[in-house]
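Here the structure comes first, spelled out in structure tokens, and everything after it is commentary.
The values are calculated or read from the model by the stated rules, or taken from the named source; none is laboratory data. Treat the numbers as computed from the prediction; the structure is a model and nothing was measured. Heads up, the Cβs are rebuilt from the backbone with ideal geometry, glycines too, and the neighbour counts pull from every protein chain shown.
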Amino acid sequence: MRQLMYRLAALNALLLISACSGKPPEVPPVLSLDGRQCAARPDLSAARPLEPPERQRSGSAVVIDAAAPCWNNGMGNAAYVVFALPSVTSPYMVRVSSTPQGRSVLMPRLLFLNERGDTLREMGRQEMQFRQGSLSAVARAQPGMRYLVVSSDPQNVGERHTRIVASTSITAVPIPMGAINVYSGQETQEQFQGSHNGTVSVALLPMTATR
């Protein structure tokens with residue numbers, strides 16, 4: 001019985017370490033770009049090419065920090081990164097995710113542009129939702145879309161947003177014939193502050209793999 005108790009204690013310790021190790025690092029938020037000389041339009045010549053959905057093995061992750069390019073989108077200065085969408089005939093979906101950095105998160109504004117840089121579609125905070133720990137949005141690629149601009153949103157920088165997080169824990173309880181697992185759950189609230197910096201990931205998905 002004593003050996004069993006040791007094993008159960010070790011199991012609980014491993015579960016606790018596993019739960020804690022998934023926490024993102026704490027990164028100071030960038031709350032202002034007022035001192036930057038920002039361009040009037042995003043620089044499309046620096047676009048990062050994206051592989052077609054059938055050749056993508058994982059999303060393309062980019063860190064947007066205080067040194068990232070910036071532009072004035074009419075609401076203020078915003079940090080950004082540009083992706084070049086592939087020229088394919090089959091329809092696909094675009095998923096953009098922003099990972100929280102401690103208690104801050106970049107709440108992206110998405111611009112889908114054509115070859116000339118004209119805006120075909122724009123998505124903001126209202127289309128973003130927390131999914132699996134990241135703030136994300138999914139959109140269907142339309143004909144003529146050649147570039148995707150992922151930028152910070154000056155209107156949301158400094159704002160605080162709350163989400164509810166559900167968690168489940170497992171406790172091994174010894175009994176005469178061995179042990180049983182007792183499951184318990186709880187809901188907590190997490191607050192995030194909008195910032196200009198963060199880690200964003202873009203993935204192109206076949207139409208059948210969006211869920």
- line: Residues in segment 82-105 that are assigned to a strand (DSSP E or B) and farther than 19 Å from Ala39 by Cβ total 11
- request: Return yes or no: is Glu115 among the acidic types (Asp, Glu), surrounded by fewer than 17 Cβ atoms within 10 Å (Cβ to Cβ), at pLDDT 90 or above and not in a strand (DSSP E or B)?
  value: yes
query: Say we look at segment 37-51 and pick out the residues that are in contact with a strand residue (DSSP E or B) (Cβ under 8 Å, 6 or more places away or on another chain) and farther than 15 Å from Ser201 by Cα; which of these is surrounded by the fewest Cβ atoms within 10 Å (Cβ to Cβ)?
result: Ala40
- request: All but one of (1) assigned to a strand (DSSP E or B); (2) of a type in the set (A, V, I, L, M); (3) within 28 Å of Glu190 (Cβ to Cβ) hold for Leu120, so report the exception by its number.
  value: (3)
field: Single condition Gln126 does not satisfy, out of (1) part of a strand (DSSP E or B); (2) of a type outside the set (A, V, I, L, M, F, W, C); (3) surrounded by fewer than 20 Cβ atoms within 10 Å (Cβ to Cβ)
entry: (1)
message: When the residues of segment 144-174 are narrowed to those that are modelled with pLDDT of 90 or more and more than 18 Å from the chain's Cα centre (by Cα), which ends up surrounded by the most Cβ atoms within 10 Å (Cβ to Cβ)?
response: Tyr147
task: Hey, can you tell me all the residues within segment 53-69 that are modelled with pLDDT of 90 or more and closer than 23 Å to Ser136 by Cβ?
output: Ala61, Val62, Val63, Ile64, Asp65, Ala68, Pro69
query: Does segment 179-203 hold any residues that are within 16 Å of the chain's Cα centre (by Cα) and either small (Gly, Ala, Ser) or modelled with pLDDT under 80 (or both), and which are they?
result: Glu190, Gly194, Ser195, Gly198, Ser201, Ala203
statement: If we ask which residues in segment 86-99 are among the aliphatic types (A, V, I, L, M) and either more than 24 Å from Asn197 (Cβ to Cβ) or surrounded by fewer than 17 Cβ atoms within 10 Å (Cβ to Cβ) (or both), their number turns out to be 2
message: Contact list please: Cβ distance under 8 Å, first residue in segment 99-111 and small (Gly, Ala, Ser), second residue surrounded by 20 or more Cβ atoms within 10 Å (Cβ to Cβ) and not in a loop (DSSP other than H, G, I, E, B), pairs at least six apart or on different chains.
response: Ser104/Phe192; Ser104/Gly194; Ser104/Ser195; Ser104/Gly198
The lone exception for Ala78 - which of (1) in a strand (DSSP E or B); (2) out of contact with any Cys (no Cβ under 8 Å at 6 or more places or on another chain) it fails: (2)
message: If a residue must be closer than 28 Å to Tyr92 by Cα, in contact (Cβ under 8 Å) with a residue 24 or more places away in the chain and not basic (Lys, Arg), how many such residues does segment 29-68 contain?
response: 19
